[in-house]
Amino acid sequence: MTRRRQILQYAAAASASGVLGLPRLASAQKKYKSEYKMSLVVGTAFPWGEGGQIWADKVRDKTDGRINIKLYPGVSLVQGDQTREFSALRQGVIDMAIGSTINWSPQVKELNLFSLPFLMPDYKAIDALTQGAVGKRLFEIIHKAGVVPLAWGENGYRELTNSKHEVRTPDDLKGLKIRVVGSPLFLDTFTALGANPTQMSWADAQPAFASGAVDGQENPLSIFTAAKLQNVGQKYLTLWHYVADPLIFVVNKDVWASWTPEDQDAVREAAMEAGRDEIAIARKGIDEPGEPLLKEIEGMGVTVTRLTDDEREAFVQATRPVYDKWKKQIGEELVSAAEADIAAR
Ligand code: X2X
């Protein structure tokens, strides 16, 4: 052993045993970054982004400022390509995120569950999955994929809008160019409905509505109003509740491991509280008597179409082959468990 190594070893041992007057814990002390980067698709004008701010604020409070989080909306850490967010989280390019199940489903195929057309008829059905055994299983899958999941949030029921005409039947969708998000399941669904789907990031979608390059899109009402889609020609809205995307609060696994157990608890607790708050914000004006958010949207000159049960059933039937195909791809057992939990809600 060289003299230099001997000295270093002595110093390390001395430090660990407190001989040098350093506190015993010093050598084991975790190394914290001065700032942690939180990725989000949208900013604080949206329930999703507001949820991010609530999480960051609660973490700062609960850790006495040891964990300081900065929000990066617009998925700017992956140049706006929301389908790369999960890989970047895994690699540590992103420290933490609140992400949509849709955007992560290219990497975690089981997350396509929520995008199965007409699986979840109401909010109780969403809750039965996210707050039940299926939600736990999905968290285990995400954990195995190398990212630490902490809590559920919600983007919301994705309703259909377009600039051309009222959509009441699958036939009305014929030939409409519809922007969809990054899972091939959406291409299948809209193709089955006779539309002409085109896959595009959220960043690219908004100018495409404005220029008329695409006719329509599907997104939660809170995204519609915060992004003011009525101002880019989206004048027809069909309420069909065909899919809903939950959000998931996560942390990169090395970042997670770098925190003390107390701080891990604080971040988890903050995520669970922020998730509950965010879900309430996302449902505001929709899941309440009189649906005030829809009144607001109608007041903007948007034609709101409410489907009868029979009219909705026509969309269900038209997309059934897509459901069956993707049930196999997602995993029949998992989807059957989800169906059973929804039936028992
Ligand atoms: O891109 C979308 O449509 C959005 C904002 O809803 C998602 O990130 C899934």
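The values are calculated or read from the model by the stated rules, or taken from the named source; none is laboratory data. Source: prediction; values computed, not measured. As a convention, Cβ positions derive from the backbone with ideal geometry for all residues, glycine included, and neighbour counts pool all protein chains shown. Please note that ligands, DNA and RNA were not included when accessible areas were found on the heavy atoms of the full protein model with its side chains. Shrake-Rupley method; radii C 1.70, N 1.55, O 1.52, S 1.80 Å.
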Q) Restricting the search to the stretch 158-172, which residues are more than 13 Å from the ligand (Cβ to nearest atom) and surrounded by 22 or more Cβ atoms within 10 Å (Cβ to Cβ)? A) Asn162, Val167
Q: Taking Met272 as meeting all but one of (1) open to solvent by 20 Å² or more (accessible area, probe 1.4 Å); (2) within 19 Å of Asp122 (Cα to Cα), write down the number of the exception.
A: (2)
Q: Could you please give the count of residues in the stretch 74-124 that are within 14 Å of the ligand (Cβ to nearest atom), open to solvent by 30 Å² or more (accessible area, probe 1.4 Å) and part of a helix (DSSP H, G or I)?
A: 3
**Q.** Residue that is aromatic (Phe, Trp, Tyr) and open to solvent by less than 30 Å² (accessible area, probe 1.4 Å), where the choices are Phe186, Phe139
**A.** Phe186
Q | Test: Lys177 is of a type in the set (Lys, Arg), more than 16 Å from the ligand (Cβ to nearest atom) and surrounded by fewer than 20 Cβ atoms within 10 Å (Cβ to Cβ) | A | no
Q.
Tally up the residues in the stretch 46-73 that are open to solvent by 50 Å² or more (accessible area, probe 1.4 Å) and part of a loop (DSSP other than H, G, I, E, B), please.
A. 4
Q: Collect the residues in the stretch 200-232 that are of a type in the set (Gly, Ala, Ser) and either more than 18 Å from the chain's Cα centre (by Cα) or more than 17 Å from Gly80 (Cα to Cα) (or both), keeping them in residue-number order.
A: Ala208, Ala210, Ser211, Gly212, Ala213, Gly216, Ser222, Ala226
Q: Report whether or not Asp127 is farther than 24 Å from Pro197 by Cβ and open to solvent by 30 Å² or more (accessible area, probe 1.4 Å).
A: yes
(Q) Residue pairs, Cβ under 7 Å, 6 or more apart or interchain, first in the stretch 197-216 and farther than 15 Å from Gln234 by Cβ, second of a type in the set (D, E, K, R) and open to solvent by less than 20 Å² (accessible area, probe 1.4 Å). List them. (A) Thr198/Arg179
